Amino acid sequence: MNYSGIDLHSNNSVVSVIDETDRVVAEKRLPNDLAMILAFLAPWRAELAGVVVESTYNWYWLVDGLQAAGFVVHLADTTAIKKYDGLKHSGDETDARYLAHLLRLGILPTGIILPVKHREVRDLARKRMQLVRSRTGHILAVENTTARQYGTRITSNQVKKLDQARDQRFQQLYPCFGLTFQRSLQARGVPQKMTFA
């Protein structure tokens, strides 16, 4: 049996194939081109117990393509993988071999490969969470700037209710607020062309 590990990057991948003794049978850095990766793995296809792909931000295309080609694919949970502290060598080749090694030992921490139709719901929820965090950061920036500049408090709800008409009054009360206030409001969705009295 052979085992393959793929160290996936934004524009290239290191593909390693190891045997039962951890001997490297084949290894190559390839551009992120599915046809090239499939062609590289083709000679070992019949003997491959599985292919491990890192769960990086861009794994969909590779996992889907490998599965469609009939490979058994494992998605490595990179946050759960502990490298040996005493490792003398590190690099992309070592990472790819290590993924294959963990698969061979049967101790590879894996993530779930969701079907394509479920991924967009998960991705939408993740993006919403990211946007909510960003919005919260901008609201807090307005609150903090008010406290720092004027020693007064404006609540989150007051910041959320600011609009162009109210902003004019706010700017009259706090004339030194400046660019921080404008940028934070723009980031939370208030139109860019805001006029202040």
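Checking the structure you have, find out if any residue of region 73-80 is at pLDDT 90 or above and either assigned to a helix (DSSP H, G or I) or surrounded by fewer than 16 Cβ atoms within 10 Å (Cβ to Cβ) (or both).
Start the filter on region 73-80 by keeping residues that are at pLDDT 90 or above, which leaves 73-77.
The next check asks that each one be either assigned to a helix (DSSP H, G or I) or surrounded by fewer than 16 Cβ atoms within 10 Å (Cβ to Cβ) (or both); those that pass are 77.
Yes, there is a match, as at least one residue in region 73-80 is at pLDDT 90 or above and either assigned to a helix (DSSP H, G or I) or surrounded by fewer than 16 Cβ atoms within 10 Å (Cβ to Cβ) (or both).
Of everything in region 137-151, what is charged (D, E, K, R) and either modelled with pLDDT under 80 or within 18 Å of Lys161 (Cβ to Cβ) (or both)? Give them in sequence order.
Scanning region 137-151 gives a single hit, Glu143.
Can you say whether Ser13 is among the polar types (S, T, N, Q), at pLDDT below 95 and touching a strand residue (DSSP E or B) at 6+ places or on another chain (Cβ under 6 Å), as far as the supplied structure shows?
Here the answer is no, as Ser13 does not meet what is asked.
Only one of Leu99, Leu75, Leu108 is touching a residue at least 60 places away in the same chain (Cβ under 8 Å) and in the same structural domain as Val17 (by TED's automatic domain parsing). Can you tell me which?
Details: Leu75 fails: touching a residue at least 60 places away in the same chain (Cβ under 8 Å); Leu108 fails: touching a residue at least 60 places away in the same chain (Cβ under 8 Å).
Among Leu99, Leu75, Leu108, only Leu99 is touching a residue at least 60 places away in the same chain (Cβ under 8 Å) and in the same structural domain as Val17 (by TED's automatic domain parsing).
If I filter region 44-61 for residues that are in a helix (DSSP H, G or I), within 25 Å of Asp123 (Cα to Cα), hydrophobic (A, V, I, L, M, F, W, C) and modelled with pLDDT of 95 or more, do I get at least one hit?
The answer is yes, given that some residue of region 44-61 is in a helix (DSSP H, G or I), within 25 Å of Asp123 (Cα to Cα), hydrophobic (A, V, I, L, M, F, W, C) and modelled with pLDDT of 95 or more.
The values are calculated or read from the model by the stated rules, or taken from the named source; none is laboratory data. What you see is a predicted model; the values in this text were computed from it and never measured. Note that each Cβ is placed from the backbone with ideal geometry, even for glycine, and that neighbours are counted across all protein chains shown.
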